[in-house]
Amino acid sequence: METSRSSATRKLFQILIASAIQRCRLSGILCRLTISLKGFYDAHPPSVRISISDTGAGSNLVEFRDLNSGSVPIPAEKWGIHENDIHRYCLNLKELHGSRKRLKSGTEVSLSSAEEESIDEFVKWVVGFVQKIRILKIPDIVIELLVEHINNHGSRSESFLQEINDFSSPIPVSNINHLVSGLEDYVLGDGNGLTDNRQSCIKNRASLMVGTGQTNNMDNNRGMIQMVEAVVMITPMPTCSCCRKTNCSATQVLYFQDFSPSSIPQSSLNALTNIDWQNHLTEVTAPESQHRASSSSKRNLMKNAIKLALDDLKRKHTAELLSLHAQQVREYVPDLSRTIASLIFSSNDLGFQEECTALLGLHSVDNKTEEKAESIIKEMITGIIEMKDRNLKRKKEDTAHCLLFECESHLEEECPDEDYREEPEDTAIIDF
Amino acid sequence: MAGRVSPSEPADLLAKIRGFVRLVLEDLCNGRPPSVALDRFKTYCSDPSGNCSCSTDLPCGKDIVSLESKSHAYRIDIMLRLLLIIQQLLQENKHASKRDIYYMEPSVFQDQGNVDRAINDICILLECSRHHLNVVPMGKGLVMGWLRFIEAGRKVNCIKNPNDGFPVPICIEETKDIVSVAQYILVVEKETVFQRLANDKFCERNRCIVITGRGYPDAPTRRNGLTFLVNPVYADPYGFDILTTYRFGSMQMAYDAKIFRVPGIYWLGVFLSDSEKYCLPNRCLLNLTAKDKQKAEAILMRCYLHREAPKWRLELEIMLDKGVKYEIEALSASSLSFLSTYIPQQIQGRHYI
Ligand SMILES: [Zn+2]
Ligand SMILES: [Zn+2]
């Protein structure tokens, strides 16, 4: 997401989409969100006409007026925006009288902008933006994107309609599971039907590692529930040169607020992208908060949700998440275990065998087999390697975690497990 | 060497192996990875001052080998595998050569050098020599000349057929009653040279013993040569390296080096200067390859050359300077029996260093 260079058009676009999504969700029925872009390439200056329409619960002007005091620094005269670059702003409230009970309503907002330097860039950005919304797989919203390229010679249109079966799952699925499945599609470049500006050669869904975390708290004063859901997904490092060179070589962070793509503070972004994922490619951390919340409590919710997701990921994928060198060492475990077990059982000293099996906790006669001993030794060595690696990694993560939320002093205190830093024996592992 | 009382009976060693395994298990139960602390021995370093401790046979530090890295894990893996093999050899009173062991699992051992190093590690761990482990060298050496000995109750009388090569006895413990009236022992690197000398009836005409280790010298070759003046023949960096192995012991078997090396060995030739002296045709001089040069430069750094063999070092420097080498066979180009006259000449003229 181009957080760094966000034009007023893009900011406005984001806000309009967010409110359209809100209306659709409020309606409680299947809604359609249609985004239409018309690029006039040969106009002077080249301009783009944007239309966003939805069949969600009807809006009123007040909702849009709120935007004025919001984050978009556009002088607006009752939403007919007269700025040089953004003009012909038009709000169309379709509210059919008498049919309110059947919720036959809709909103259409359209604007023209000549602010964007390159129409193609803007279209690309919108496509990416819509791809991100689709990650959420919001139930009951079908998102349609129409793009028309118009020049003096004629016009060419593209249409991207979300596949119906994406959301019409017969079993009700929780938001976080929608998020996981949407993220998988996003990573695999599947089923989004969009011109793929982030093609991926990773095609194996089973190779994705996923951790999820959810936090919520009740705001007693206002009776609102704040909720943050986080998904961390790690994809295997692609081996093909095409993917390595291009866009999927690093951590990508997506943040949604109220079911709409939003930006995350740069410092948190840095912290997340700086976590050492070793050989793997982290795809996304996607926290999503249900309701607007005060920023500090939201930060804590986010922090905890991400931590839960990371813990979940580590629990489910301990072996895969070992550092490269621990993985290499672990390859020797089967051999080592077999040899140690053989050394015990090929000894002609029976007393020694007894002693060893006792040490391994093998007491009953049936259990005193070489295979049993081997598997116990294997478990022990594997456990030791994993534990050492975890301890080492935790040190690095603590640092990342402190950075995650701008490390206010009170957060610093929360940084867990100071004592992990004091294991001198572990330092040797660092410079392997 | 015969008659030396071994402090490491098989029973003692087996007990040490069990003790080690027990320790590994206890470590595992306490959440610690298997680890071995090994005294570090080396035959040389690159300290030119000569003030290092390489010549003292004392350990120069300790290696802690654990599961900290891939290479450590591999080293422990190989060590444990060899311990298992050795435990079996000792329990069944059998012997195996280093080569036999290598061929038990060549894909795991990858290289004979890895087996050799693991054997050295185990010698250090169990504080014994390699032959105590029932690991014998590859029986590849040949000997001929003025020598008689009893190997495993069988009399070997080399002097009766002084022009025939006999296998160098493998098991030191079973070799007794070595009798020799030789004036010197000649160690040649290559078997072809050994055969040449045999064909020339060298031992009939010179009262000596000729030994070949076929490539890098093996322990028994060196051990049998212990009490004699030995004169090998070399003229390239790799030959030079082999030469140093006879005199100073190999790094691979640094712990056992004190038993196997022959400090009194002389370098008889051939030297680079011989190529002029004997009018070697230029076509026989080969340019040193980049690898040769690298090897030579590395050898020049070795402390023992500074300390104990400056003349050897000088020869190597000259070789590196001129950038050429030649094969010992090149000298036979003019006359097949060249070596048969060259060697006695070098000895009489005291041209060895
Ligand atoms: Zn690719
Ligand atoms: Zn030294």
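Could you give me the ³J(HN,Hα) list for the stretch B:96-109, computed from phi with Karplus coefficients 6.51, -1.76, 1.60 and θ = phi - 60°, whole Hz, x at Gly and Pro?
In residue order, the calculated couplings are 9, 8, 4, 5, 3, 5, 4, 6, 5, 8, x, 6, 7, 6 Hz.
List the residues, sorted by chain then number, that are 5 or more residues from B:Phe41 or on another chain and whose placed amide H is less than 5 Å from its amide H.
B:Cys60
Apply the Karplus parameterisation 6.51 cos²θ - 1.76 cosθ + 1.60, with θ equal to phi minus 60°, to every residue of the stretch A:301-307 and state each ³J(HN,Hα) to the nearest whole Hz, in sequence, with x for glycine and proline.
Calculated HN-Hα couplings, in order: 4, 4, 4, 5, 5, 5, 4 Hz.
Based on Cβ point charges of +1 for Lys and Arg and -1 for Asp and Glu, what charge dipole magnitude is obtained for the stretch B:8-148 about its Cα centre, in debye rounded to the nearest 20?
Taking the Cα centre of the stretch B:8-148 as origin, the dipole is about 280 debye.
Calculated from DSSP H runs of 4 or more alone, at -39500 (n - 2.57) each and per residue, what is the 222 nm mean residue ellipticity of chain B, nearest 500?
-12500 deg cm²/dmol
Kindly compute the accessible surface that chains B and A hide from a 1.4 Å probe when together, both sides summed, and give it to the nearest 100 Å².
By this definition, chains B and A bury close to 2700 Å².
Rounded to the nearest 0.05, what FRET efficiency do B:Cys29 and B:Ile178 have when you use their Cβ-Cβ distance and R0 = 56 Å?
In this case the efficiency is close to 0.65.
Do the alpha carbons of any pairs in A:Lys124/A:Lys314; B:Lys42/B:Lys98; A:Lys314/A:Lys378; A:Lys378/B:Lys16; B:Lys98/B:Lys160 sit beyond 28 Å of each other, and which pairs?
Check vs 28 Å cut-off fails for A:Lys124/A:Lys314; B:Lys98/B:Lys160.
Once you've got the Cα coordinates, tell me which of B:Lys190/B:Lys325; A:Lys38/A:Lys132; B:Lys190/B:Lys291; B:Lys70/B:Lys293; A:Lys372/B:Lys94 are over 23 Å apart.
B:Lys70/B:Lys293; A:Lys372/B:Lys94
Quick one: of the DSSP bridges fully inside the stretch B:75-177, what percent are antiparallel, nearest 5?
Of all bridge pairs located within the stretch B:75-177, approximately 80 percent are antiparallel.
What's the carbon and sulfur percent of the stretch B:67-133's accessible surface, probe 1.4 angstrom, rounded to a whole number?
In the stretch B:67-133, the share of accessible area belonging to carbon and sulfur is 43 percent.
Can you list residues whose amide H is under 5 Å from B:Asp47's amide H, if they're 5+ apart or on another chain and H is modeled 1.01 Å from N?
Correct list: B:Cys303.
Cβ under 11 Å from A:Arg25's Cβ, A:Arg25 left aside: what net charge do those residues give with Lys, Arg +1 and Asp, Glu -1?
Counting the neighbours of A:Arg25, the net charge comes to -2.
Any chance you could check the stretch B:14-56 for residues losing 30 Å² or more of accessible area when the partner protein chains are in, compared with the chain on its own (1.4 Å probe)?
Those are B:Arg18, B:Val21, B:Arg22, B:Leu25, B:Leu28, B:Cys29, B:Gly31, B:Pro33, which lose 30 Å² or more relative to the chain on its own.
Which whole-angstrom value gives the distance between the alpha carbon centres of the stretch B:277-320 and the stretch B:85-147?
The stretch B:277-320 and the stretch B:85-147 have Cα centres separated by 32 Å.
Let me have the relative contact order for chain B, percent, based on Cα pairs under 8 Å that are six or more residues apart.
Contact order relative to length: 16 percent.
In nm, to one decimal, how far is the modelled label at A:Glu386 from the one at A:Leu324, with both set 7 Å along Cα→Cβ?
It works out to 2.3 nm between the two label points.
Quick one: what are the phi-derived ³J(HN,Hα) couplings along the stretch A:41-53, Karplus 6.51/-1.76/1.60 with θ = phi - 60°, whole Hz, x for glycine and proline?
After applying 6.51 cos²θ - 1.76 cosθ + 1.60, I find 6, 9, 6, 10, x, x, 9, 10, 9, 10, 10, 10, 10 Hz.
Please work out how much length the chain gains when fully extended from B:Asp47 to B:Ala11, using 0.36 nm per residue of separation minus the C-alpha to C-alpha distance, in nm with one decimal.
My answer for the length gained is 8.9 nm.
Only Cα pairs under 8 Å and at least 6 apart count here; give the relative contact order of the stretch B:137-208 as a rounded whole percent.
36 percent
Quick check: at a probe of 1.4 Å, how many percent of the accessible area of the stretch B:140-190 sits on carbon and sulfur atoms?
Within the stretch B:140-190, the accessible surface is 52 percent carbon and sulfur.
Contour minus end-to-end for B:Asn282 and B:Asp164, with contour as 0.36 nm per residue of separation and end-to-end as the Cα-Cα distance?
Taking 0.36 nm per residue and subtracting the Cα distance, the gain is 39.0 nm.
Run the simple label-point estimate for B:Ala298 and B:Ile64 please: 7 Å along Cα→C-beta, distance reported in nm.
The answer from the label model is 2.9 nm.
Considering amide H positions built from the backbone, and no H for Pro or chain starts, which residues 5 or more places from A:Val142, or on another chain, come under 5 Å of its amide H?
A:Cys31, A:Arg32, A:Leu33
Loop only per DSSP, at most 15 neighbouring Cβ atoms within 10 Å: give me the trypsin sites (Lys or Arg not before Pro) in the stretch B:300-351, ordered by residue number.
B:Arg350
The values are calculated or read from the model by the stated rules, or taken from the named source; none is laboratory data. Just so we're clear, the structure is a prediction, and the values are computed from it rather than from any experiment. Positions of Cβ are generated from backbone atoms using ideal geometry, with glycine treated the same way; all protein chains shown enter the neighbour counts. Only protein heavy atoms, including side chains, enter the accessible area calculation; ligands, DNA and RNA are left aside. Shrake-Rupley method; radii C 1.70, N 1.55, O 1.52, S 1.80 Å.
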